[in-house]
Amino acid sequence: MAGLSIYSYNKDTNQFEEISSGNQNNPLTSVHNGTDGQVVVQKLYLHHSENNKWYSAITLAPTPSNLVSGEASDLGWSLKLLAGDAEPATVDWSARVAGENLLSGGTVAELAARAPKSHYLVNMGAAGAVDNGYYPLWVQVTVPKGTRNQTHTGIKLDLNAVENNA
Amino acid sequence: MKSFDVKIVCQTAAFVDELSTEDKERLFNDPDFTFEREDTSRTQAQAESDVEYLSVDDVTPEIIAMEYEEIAKEANSFLEIIRSRSKHLVYHFDKNERPDLYRCVNALFESPTPIEHVTYDMYLKALRYIKDVGSEMGKEA
């Protein structure tokens, strides 16, 4: 799955920028007010530029997986993932368990039968059909009230997929 | 599998003087809070010679004349100035445009020449001084 990657969108430069993988050159950065506690939601994209590949069985997992679930006024930090074009509503985030993976949703037809769809990632392309689109996914990070100054770089987003020849 | 980097930065709005020594050191050593020196016209020696930490015994008449709340208000002004220029170490001000800040800074810090700038270091020292002396003045007021 060499080509498939995660991107953020830089509004200043109008460019998609690839999130770094291992060297912290361009991490997904989430900045929070620890005094009051803060929830931050960011939009990312799955994308590849291969002209002869398509990708199936796509999953995305935050690690470590034991991030404590909780709202800003509750205990612990949390990281939640949801997929889809529309930004998730508060009720969607509340229903989502922190640290859970985005699962493989299969083909477009198979995804249509899933519920909720926002927990799944659809295949990118199919045999004979390359798809170089940008597929949105959403990351919500919560830091609770009373958290002291600190920076965490130990959390990763693990992307898995099967790379197929188109 | 590809592992993508995530960086979560937690900042506090708490005043620096409420942090423990360990937290202050972590704040100052954290690359996300690095302050870059903006004023290249002044040498390190010149900047350091402008700032002297006043002891309780060196309280100037200007300090005595100021209400504790007024000093605290000026300290808050320092904080807002530094925050708004979080990457800049030196804030220059015009004594005619900011006579209040000019009076406070020069009352707090002894200098052979009038001081018309505020550094983050000065702000911290002012906070420490206010905490040491100002609270006592506030009780007496």
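All of (1) farther than 17 Å from B:Val9 by Cα; (2) among the hydrophobic types (A, V, I, L, M, F, W, C); (3) at pLDDT 90 or above hold for A:Val39 with one exception: (1).
Would you confirm whether any residue within the stretch A:125-137 is at pLDDT 85 or above and within 13 Å of chain B (Cβ to nearest Cβ)? Yes, there is a match, as at least one residue in the stretch A:125-137 is at pLDDT 85 or above and within 13 Å of chain B (Cβ to nearest Cβ). If the condition is being hydroxyl-bearing (Ser, Thr, Tyr) and facing chain B (nearest Cβ under 10 Å), then the stretch A:40-53 contributes no residue at all. Within the stretch A:1-39, the set of residues being hydrophobic (A, V, I, L, M, F, W, C), more than 8 Å from chain B (Cβ to nearest Cβ) and over 22 Å from A:Leu121 (Cβ atoms) comprises just one member, A:Val39.
If I filter the stretch A:106-118 for residues that are of a type in the set (Gly, Ala, Ser), within 14 Å of another protein chain (Cβ to nearest Cβ), under 26 Å from B:Ile8 (Cβ atoms) and touching a residue at least 24 places away in the same chain (Cβ under 8 Å), do I get at least one hit?
No, the conditions are met nowhere in the stretch A:106-118.
Looking only at the stretch A:140-152, residues that are within 9 Å of chain B (Cβ to nearest Cβ) and modelled with pLDDT of 80 or more come to 2 in all. Whether a residue is surrounded by 12 or more Cβ atoms within 10 Å (Cβ to Cβ) and within 25 Å of A:Trp54 (Cβ to Cβ) was assessed, and A:Glu100 does not pass this test. Considering the conditions (1) modelled with pLDDT of 90 or more; (2) assigned to a loop (DSSP other than H, G, I, E, B), A:Asn23 is excluded by exactly one of them, (1).
The values are calculated or read from the model by the stated rules, or taken from the named source; none is laboratory data. What you see is a predicted model; the values in this text were computed from it and never measured. Positions of Cβ are generated from backbone atoms using ideal geometry, with glycine treated the same way; all protein chains shown enter the neighbour counts.
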